[in-house]
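Trainee: Structure in structure tokens, see below.
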Amino acid sequence: MFRTTFASRLCAALLTSTALTAAGPASAALAQPATAATPASDIVTAPERFFPQPPGTDYFLADYDQYERYLQRLAGESDRMKLQSFGTSAEGRTQWMAIVSSPENLANLDRYRDISRRLARAEDLTAEQAADLAREGKAIVWIDAGLHATETVTTQGQIQIIHRLLSQNDAETRRTLDDVIILFGHANPDGLQLVADWYMRNEDPLKREFNSIPRLYQKYVGHDNNRDSYMSLMPETENINRVHYREWFPQIVFNQHQTGPRGMVVFIPPFRDPFNYNFDPLVMTTTTEVGTIMHSRLISEGKAGSGMDSVAPYSTWHNGMYRSAPYFHNMVGILTEIIGGPTPEAIPLIPETQLARNDEPMPISPRMWRLQDSIDYQWSMNRAVIDYASRNRERLLMGIYQMGANSIERGSEDSWTITPQKVDDLKAAATTTDRGAINAGLFDTVLKTAENRDPRGFIINPEEQRDLPTTVAFLNALMKSGVDVEVASAPFTVGAKRYPQGAYVVKTAQAFRPHVLDMFEPQDHPHNTEYPGGPPKLPYDVAGYTLAYQMGVTFDRVLDGFDGPFTRAGDLLAAPPGAVIGSGRAGFVIPHEVNNSFILTNRLLKAGASVEWLENGAKVGRTQLQPGALWVQASHESTAAVRAAVGELGFNAYAVDRKPAGGSIALKPVRVGLVDRYGGVMSAGWTRWLLEQYEFPFEVVYPQTLSAGNLNERFDVLVFTDGTTPALDHAAYRPQRNQPLPQAEDIPEAYRAWLGEVTADGAVPQIAEFARNGGSVITIGGANRLAHLLGAPIAPALVKEENGTQRPLATTEFFLPGSILSAKVDNTDPLAFGMPAQADVFFANGQTYRIAGEGAKSVAWFDTDAPLRSGWAHHQELLKDTSAVVQVDIGKGKLFVYGVEVLQRAQPAGTFRLFFNGLLYGPAAAAD
């Protein structure tokens, strides 16, 4: 009976992408923001007495509903734990944090949290005062679970670990609880509920699996919930960042993952190179220290199979992950990747892993492996981290203070950061060598020059921003990560430049200086190769991501010390409200440069109002608006909508007495089909989130719908993001790997319509017919292989001819992992309305194009042989004169091909307009 009821509610929840219904009515405690611990009972309920089966049992997963109720039970039974909410998830579930420590520490949490904050921020403290606070304070350790929901060990283990810390009374437990406050947080409640319930839906344990889950395990972004740390776009990320960087400031952040290296059990730091040049070296040495202690604990307990450094690709370069963002905040970040799961598995015999070495000191022999085995390892690793924090309590507290104080000092005086490019400059300047050494005087004349200094701060003049609301969103992303942002209360001058009241200032003389530099300054990734002269070694995730570049923020980089009438922003900023300027009654002219103008456009089109793009722009008084400026004819509905929107959305509208002269393009409401596949594609999920934010109407479309045809009856635009066309083969593109699809009979009937692939003989003819009949097709990244099958007169540029066929360039011939490039843009073309003439774009080992026939036009291209702005590029000169964005006429319709990732993880707001324009432009028509 339970299984039948459960299956039906699971289907309904997945279809609507809403939270799964709880097994029972929510308790009153769930509605409370915090649950305080009551005095301890004699008995703390053991997991095996609470759950249907003990967590850690083969073929069983506890779900979030059960986990939540168990934490509430423990909070009522133990005086070693308090339970607090730290926010809600994307689907509305409460994120709980179990705070575990001694009863005395829990009674003084506010004091210890304040000590942690003061030491981490390192403001207005002498070293002596900091030492006094460190002696008084308690180490704060964050240990999470469940971030990647199919990595099931972490939550099931956390249940056991919390219970053990609450119930055991050995000397180590008592000592560590006296010295340490442990924050056990759950990172993805929705994912746990989905994965556990999907796994448990089968009565037959041998049929239980979670490889065939129909959608992403975070509502929008799935696995990429661990790439959102500096943006804080997803609510779970914002909640965790608030705990880490604005409230608790833990000295250690322990982020638990799986799966471990094949033939082994678990990866634990130390990490491989490179590390990021912006953070304090004490971060890395302490992280290595903690990781080494974890290895030693496992080995001392006879737990073999841990590895480090070269056994896995993990580095400390990228700032977007939960465990790496702490490095830029002077915190230790520990990543573990362990094997295991509820279905037993075998550790395979990999010959290379059987030889002991520095990176794998105690190999493990092949054997069957069970979930409880992984949890036992997890317990040892948790104990090692907590024990380290206990034995090094004062060192950790003083360490985070010292790193913060170092950052403030470096931001207050001339300082230099050495990067690979600067080392190359040093080598180029060398004239004599002595066993590898060069003239020491070059250190000052090449490296420590005045122009090579690190900035003392960054000033953002609101009057110079093309898109001020997006700039404010950038500043808010900094603040969500704990960065101090100041606002000028009066005009001021720095150097020879005058700035207005309301200018934004981000100084580097603050504790989180590494994060500030990483968000404003270009990344200079080293040219790592597998061996001298060999192929490049793939970076872990992207190489260049400077957020100010991606979001199109204009700023001044100030190298000398400065001050002014600045007030620190206490909370997130609001974009200055816009206004309706003028008294004309014919209609409104609105700039196209502001992303928020698309929100107003969609509201107006939904209301049936007339909206047009002015092809020549418009001059209103002394203000010149560039091509694509909106013309909104006045009506009762449109006037009300415009006047309501300008204040909320942060841009001006100009009320005029006549429509500006020149041609215009009339917009109409669009029916957008966003293509996805069974299991969910992260790029489509990010796009879905973005479309919701900007109020575009859309429908998620699966391959069976495409193959069925008659697409013009339902859609005006079809959007194919990277990874949505895996079955299409084209020699110029690298193969895409996707999870195999399940058999229809193995999944509930409700999801069988989601199965299928975009195939050359099935969907492609229908897509071509859709375009010929007037539809628009948008392809991004790997989905651009669809352009070839649609007959687009464009040719891949980054290819080599061999034996009459094309192949992608080898990594030794061209290598450009995720990085930011500068591209030339034709902003007189409707696809690029609102864009600057030169724009920063995100590119990731993709494909660029050459025009090969009539009907195709380049809208953005690389006009230099050195377009790299941030990241890493090998043979970037091959990009010169190749197209990054192309539009193609196909019959009555259009194809828009984006070789650059204009929507990359919803970060490059500076290129969103290229995509939003594409949604509206194809179905639009010349106005009368």
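Trainee: If you average the alpha carbon positions of region 518-596 and of region 199-276, how far apart do those two centres end up, in angstrom?
Mentor: Centre-to-centre (Cα) distance: 27 Å.
Trainee: Is the shape of region 79-237 best called rounded, prolate or oblate, per the rule: a/c under 1.5 gives rounded, else a/b larger than b/c gives prolate, else oblate, with a ≥ b ≥ c the square roots of the Cα gyration tensor eigenvalues?
Mentor: Details: a/c = 3.12, a/b = 1.68, b/c = 1.86.
It comes out oblate by the Cα gyration axes.
Trainee: What percent does the relative contact order of the chain come to when contacts are Cα pairs within less than 8 Å and at least six residues apart?
Mentor: Here the relative contact order equals 10 percent.
Trainee: Turning to a different aspect of this structure: If you take the charge dipole of the chain about its Cα centre, with +1 on Lys and Arg Cβ and -1 on Asp and Glu Cβ, which of P363, A312, H223 is farthest toward its positive end?
Mentor: Of the options given, the answer is H223.
Trainee: Now, a different point. List the lysines whose alpha-carbon lies under 19 Å from that of K894, not counting same-chain residues fewer than 8 positions away?
Mentor: K668, K857
Trainee: From the residues S78, Q626, T601, which one has its Cα farthest along the dipole of the chain in the positive direction, the dipole being from +1 and -1 charges on Cβ of Lys/Arg and Asp/Glu about the Cα centre?
Mentor: Of the candidates, T601 comes out farthest on the positive side.
Trainee: Now a separate question. Please get the size of the charge dipole for the chain, origin at its Cα centre, with Cβ charges of +1 on Lys and Arg and -1 on Asp and Glu, quoted in debye to the nearest 20.
Mentor: The calculation lands at about 1000 debye.
Trainee: For the chain, what is the percent of antiparallel DSSP beta bridges, rounded to the nearest 5?
Mentor: Antiparallel bridges: around 70 percent, rounded to the nearest 5.
Trainee: How do S707, S489 line up, fewest other C-beta atoms within 10 Å first?
Mentor: S489, S707
Trainee: What number results when the radius of gyration of region 481-631, computed over Cα atoms, is divided by 2.2 N^0.38 Å? Please report the intermediate quantities before stating the final value.
Mentor: Values: Rg = 21.7 Å, N = 151, 2.2 N^0.38 = 14.8 Å.
Here the Cα radius of gyration is 1.46 times the empirical estimate.
Trainee: Between G441, S415, A430, whose Cα lies farthest towards the positive end of the dipole of region 399-456 when Lys and Arg beta carbons carry +1 and Asp and Glu beta carbons carry -1, centred on the Cα centre?
Mentor: Positive-most Cα among the choices belongs to A430.
Trainee: Sequence gap at least 6, Cα distance under 8 Å: using those rules, report the relative contact order of region 580-666 to the nearest whole percent.
Mentor: Computed value for region 580-666: 48 percent relative contact order.
Trainee: Quick one: T721, T493, T470, fewest Cβ neighbours within 10 Å first, how do they rank? Don't skip to the answer; put the middle values down first.
Mentor: Working: T721 27, T493 10, T470 21.
So the ranking, lowest neighbour count to highest, is T493, T470, T721.
Trainee: Name the lysines eligible as straight-distance cross-link partners of K138: C-alpha to C-alpha under 27 Å, and not fewer than 8 places from it in the same chain.
Mentor: Partners found: K82, K480.
Trainee: Can you tell me the Rg and the Dmax, both Å, for the Cα atoms in the chain?
Mentor: 28.5, 84
Trainee: A further question on this structure: Given the -39500 (n - 2.57) contribution per DSSP H run of 4+ residues, what per-residue ellipticity at 222 nm results for the chain, rounded to the nearest 500 deg cm²/dmol?
Mentor: Using -39500 (n - 2.57) per qualifying helix, the result is -8500 deg cm²/dmol.
Trainee: Output the relative contact order of region 484-642, whole-number percent, from Cα pairs under 8 angstrom with separation of 6+ residues.
Mentor: Answer for region 484-642 is 19 percent.
Trainee: Please express the Cα-Cα pair-distance distribution P(r) of region 580-666 as a list of whole percents, one per 10 Å bin, running from 0 to the bin with the greatest distance.
Mentor: 19, 60, 21, 0
Trainee: Expressed as a fraction of 2.2 N^0.38 Å, the rule-of-thumb size for a compact globular protein of N residues, what is the C-alpha radius of gyration of region 453-568?
Mentor: On the way: Rg = 16.6 Å, N = 116, 2.2 N^0.38 = 13.4 Å.
Cα-based Rg divided by the globular estimate yields 1.24.
Trainee: First check a/c for region 325-434, with a ≥ b ≥ c the square roots of the eigenvalues of its C-alpha gyration tensor; if it is under 1.5, answer rounded, and if not, answer prolate when a/b is larger than b/c or oblate otherwise.
Mentor: Since a/c reaches 1.5 but b/c is at least a/b, the shape of region 325-434 is classed as oblate.
Trainee: Treating only the Cβ of Lys, Arg, Asp and Glu as charged (+1, +1, -1, -1), what charge dipole size does region 773-928 show about its Cα centre? Round to the nearest 20 debye.
Mentor: Values: 12 positive and 14 negative charges, 70 e Å.
Approximately 340 debye in magnitude.
Trainee: Right, next: Specify whether the C-alpha gyration tensor of region 677-731 places it in the rounded, prolate or oblate class, a ≥ b ≥ c being the square roots of the eigenvalues: rounded for a/c under 1.5, otherwise prolate if a/b is larger than b/c and oblate if not.
Mentor: In terms of gyration-tensor shape, oblate.
Trainee: Can I ask one more? Using θ = phi - 60° and the Karplus curve 6.51 cos²θ - 1.76 cosθ + 1.60, what whole-Hz ³J(HN,Hα) does each residue of region 382-392 get, with Gly and Pro shown as x?
Mentor: 3J(HN,Hα) across region 382-392, in whole Hz: 4, 4, 4, 5, 5, 5, 4, 4, 5, 6, 10.
Trainee: Nearest 20 debye, what's the magnitude of the dipole of region 383-461 about its Cα centre given +1 on Lys and Arg Cβ and -1 on Asp and Glu Cβ?
Mentor: 400
Trainee: Tell me, how many Å apart are the Cα centres for region 396-454 and for region 39-116?
Mentor: Taking the Cα centre of each part, region 396-454 and region 39-116 sit 47 Å apart.
Trainee: Moving on to the next point. Please give the Cα centre distance for region 363-384 versus region 655-705, rounded to the nearest Å.
Mentor: A separation of 48 Å, based on Cα centres.
Trainee: Ratio to report: Rg/Rh of region 704-758, with Cα atoms as the point set and Rh obtained by the Kirkwood method; give two decimals.
Mentor: Ratio of gyration radius to Kirkwood radius for region 704-758: 1.01.
Every read-out reported here was derived from the displayed coordinates using simple, explicitly stated rules and does not represent laboratory data. On a predicted model such as this, the values are computed, not experimentally measured, just so you know. Methodologically, a virtual Cβ is constructed for each residue, glycine included, from the backbone with ideal geometry; neighbour enumeration extends over all protein chains shown.
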